[in-house]
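The values are calculated or read from the model by the stated rules, or taken from the named source; none is laboratory data. Treat the numbers as computed from the prediction; the structure is a model and nothing was measured. Here Cβ is always computed from backbone atoms with ideal geometry, including for glycine, and neighbour counts include all displayed protein chains.
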Protein chains: 2
Amino acid sequence: MKKQRSTPRSPAPDDGLVDALVTSAFVTMSIINRIGAAHDLSLSLIRVLGILSDRRPRMAELAHYLGLEKQTMSGLIARAEKRGLVERAPNADDGRATDVFLTSTGAKVVKQLQVQGRRALAPLLERLSASERRQLGELLRRMLDADDAEGAKGRASS
Amino acid sequence: MKKQRSTPRSPAPDDGLVDALVTSAFVTMSIINRIGAAHDLSLSLIRVLGILSDRRPRMAELAHYLGLEKQTMSGLIARAEKRGLVERAPNADDGRATDVFLTSTGAKVVKQLQVQGRRALAPLLERLSASERRQLGELLRRMLDADDAEGAKGRASS
DNA sequence: CAATGTTGGTTCGTGATGCGAACTAATGGC
DNA sequence: GCCATTAGTTCGCATCACGAACCAACATTG
């Protein structure tokens, strides 16, 4: 079954961990997706809104964060703008650039999503004790750490 | 900032955990998505193939697992079949039902995905020690546990 | 300062995804 | 046998994501 002959000392007992990580990702995304669907929000748009609750990036930055092409972002933002969730304004420093930011409506939606998200994930977390939850959060944060700074979006190894 | 007045005893120190969980989900899906894109596979199709490596479900079951409607599954499977990844066959017990299963090509693709997935996730996991990895896997499994049996696919709380 | 190249965004066309509505066919209950 | 239910499919539509092509505003040269 195991084909780890060539590296007898660094085998892959991580297989189980990888599976668990992937499963938890699918489960979590499933839940987020369901909540988003109730507001007619795609996963990409949810992520965009999440970023905007924090920052005021340009189109290109936004696309880079999500690992998408700029045309995709154009469409995404155009539709979101039409729905009154975000707004575009020319960047002060660079005449070419366009800043994107949340409207007050958009900010409200983000808040709702956060609340509903926590509520929806609660049943999962409740299976762990308080100290286990703390531990889990700690481990995940350590694992992600410097990652969301620049590697995460989809170009981790390219 | 905190609006937890009404339930003074069950506050939300889990907020951090929720964030970490969601972030890890986005990061993980991003990686999976990138690998899938290299094979021209959507996330949904990847999940389908993963399930098929294990089982031989009907269309409706498959749709239920992913939390999708059956028409969506029809299209998904039709395209996958056209590409030679899966096949359909009438179910023996129920004349209406259609079983779906992997072709040998499809099975090979799944193996590739698994290998590449482990490789791509390795850098993340390496940030943790061996014992921490074991711990993390344990906690995730505990958290998901009975979940993937029937709750996960997108109807956790409905 | 003018010519050139680069960067930021948009538009267009195309394919995949996902859904609601409507349909066919097989099953099950009576 | 008749009717409701269930399994899959098809159709039309909106979204999402991309490559190609384009314009406008910088930046760099000479």
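Could you please find all residues in the range A:92-113 being in a loop (DSSP other than H, G, I, E, B) and of a type outside the set (A, V, I, L, M)? Step through it out loud before you land on a result.
Just the residues of the range A:92-113 that are in a loop (DSSP other than H, G, I, E, B), to begin with: A:92-97, A:103.
The answer is A:ASP93, A:ASP94, A:GLY95, A:ARG96, A:THR103.
Residue by residue through the range A:74-83, note down the ones that are within 17 Å of the chain's Cα centre (by Cα) and within 8 Å of DNA strand D (Cβ to nearest atom).
Narrowing the range A:74-83 to residues within 17 Å of the chain's Cα centre (by Cα): A:76-77.
Result: A:LEU76, single match.
Would you point out which residue out of B:ASP99, B:ASP54 is of a type in the set (Asp, Glu), on the phi < 0 side of the Ramachandran plot and in contact (Cβ under 8 Å) with a residue 24 or more places away in the chain? Break it down stepwise before answering.
Numbers: B:ASP54 fails: in contact (Cβ under 8 Å) with a residue 24 or more places away in the chain.
Of the residues listed, the single one that is of a type in the set (Asp, Glu), on the phi < 0 side of the Ramachandran plot and in contact (Cβ under 8 Å) with a residue 24 or more places away in the chain is B:ASP99.
Being within 13 Å of DNA strand C (Cβ to nearest atom) and in a helix (DSSP H, G or I) is the requirement here; does A:SER30 meet it?
Numbers: within 13 Å of DNA strand C (Cβ to nearest atom): yes; in a helix (DSSP H, G or I): yes.
In short, yes.
Quick one: A:ASP54 ticks every box in (1) within 11 Å of DNA strand C (Cβ to nearest atom); (2) assigned to a loop (DSSP other than H, G, I, E, B) except a single one, so which number is it?
Failing condition for A:ASP54: (1).
If you take the residues in the range A:76-91 that are surrounded by 13 or more Cβ atoms within 10 Å (Cβ to Cβ) and in a helix (DSSP H, G or I), which one is nearest to DNA strand C (Cβ to nearest atom)? Walk me through how you get there before you give the answer.
Of all residues in the range A:76-91, those surrounded by 13 or more Cβ atoms within 10 Å (Cβ to Cβ) come to A:76-77, A:79-81, A:83, A:85-88, A:91.
Within this subset, residues satisfying the condition of being in a helix (DSSP H, G or I) are A:76-77, A:79-81.
Working: A:LEU76: 9, A:ILE77: 6, A:ARG79: 11, A:ALA80: 11, A:GLU81: 9 Å.
This residue is A:ILE77.
Which count do you get for residues in the range A:90-104 that are more than 8 Å from DNA strand D (Cβ to nearest atom), over 22 Å from the mean Cα position of the chain (by Cα) and farther than 17 Å from A:LYS70 by Cβ?
Within the range A:90-104, residues that are more than 8 Å from DNA strand D (Cβ to nearest atom), over 22 Å from the mean Cα position of the chain (by Cα) and farther than 17 Å from A:LYS70 by Cβ number 1.
Six or more apart or on different chains, Cβ atoms under 9 Å: show the pairs whose first residue is in the range B:61-80 and in contact (Cβ under 8 Å) with a residue 12 or more places away in the chain and over 16 Å from B:ASP40 (Cα atoms) and whose second is within 7 Å of DNA strand D (Cβ to nearest atom) and in a loop (DSSP other than H, G, I, E, B).
none
Could you tell me which residue of the range A:20-42 is surrounded by the most Cβ atoms within 10 Å (Cβ to Cβ), considering only residues that are out of contact with any helix residue (DSSP H, G or I) (no Cβ under 6 Å at 6 or more places or on another chain) and more than 8 Å from every other protein chain (Cβ to nearest Cβ)?
A:LEU41
What's the total number of residues in the range B:62-73 that are crowded, with 16+ Cβ neighbours inside 10 Å and either part of a helix (DSSP H, G or I) or near DNA strand D (Cβ under 8 Å from one of its atoms) (or both)? Steps first, please.
Within the range B:62-73, the first condition is being crowded, with 16+ Cβ neighbours inside 10 Å, and the residues that meet it are B:62-68, B:73.
Adding the requirement that they be either part of a helix (DSSP H, G or I) or near DNA strand D (Cβ under 8 Å from one of its atoms) (or both) leaves B:62-66, B:73.
Number satisfying all stated conditions: 6.
Looking at the range A:48-61, which of the residues that are within 13 Å of DNA strand D (Cβ to nearest atom) and not β-branched (Val, Ile, Thr) is surrounded by the most Cβ atoms within 10 Å (Cβ to Cβ)?
The initial filter retains those residues of the range A:48-61 that are within 13 Å of DNA strand D (Cβ to nearest atom), namely A:48-49, A:58-60.
Adding the requirement that they be not β-branched (Val, Ile, Thr) leaves A:49, A:58-60.
Numbers: A:LEU49: 21, A:ARG58: 18, A:MET59: 18, A:ALA60: 13.
The selected residue is A:LEU49.
Could you say which residue among B:VAL18, B:VAL48 is more than 8 Å from DNA strand C (Cβ to nearest atom) and either in contact with a Cys (Cβ under 9 Å, 6 or more places away or on another chain) or at pLDDT 95 or above (or both)?
Numbers: B:VAL18 fails: either in contact with a Cys (Cβ under 9 Å, 6 or more places away or on another chain) or at pLDDT 95 or above (or both).
From the options B:VAL18, B:VAL48, the qualifying one is B:VAL48.
Yes or no: the range A:51-69 includes at least one residue that is within 18 Å of A:LYS108 (Cβ to Cβ), within 14 Å of another protein chain (Cβ to nearest Cβ) and out of contact with any Lys or Arg (no Cβ under 9 Å at 6 or more places or on another chain).
yes
In the range B:119-141, how many residues are of a type in the set (S, T, N, Q) and facing chain A (nearest Cβ under 7 Å)? So that I can check it myself, show each step before the final result.
Pass one, the range B:119-141, residues of a type in the set (S, T, N, Q): B:129, B:131, B:135.
Right, trim to facing chain A (nearest Cβ under 7 Å) and you get B:135.
So the count comes out to 1.
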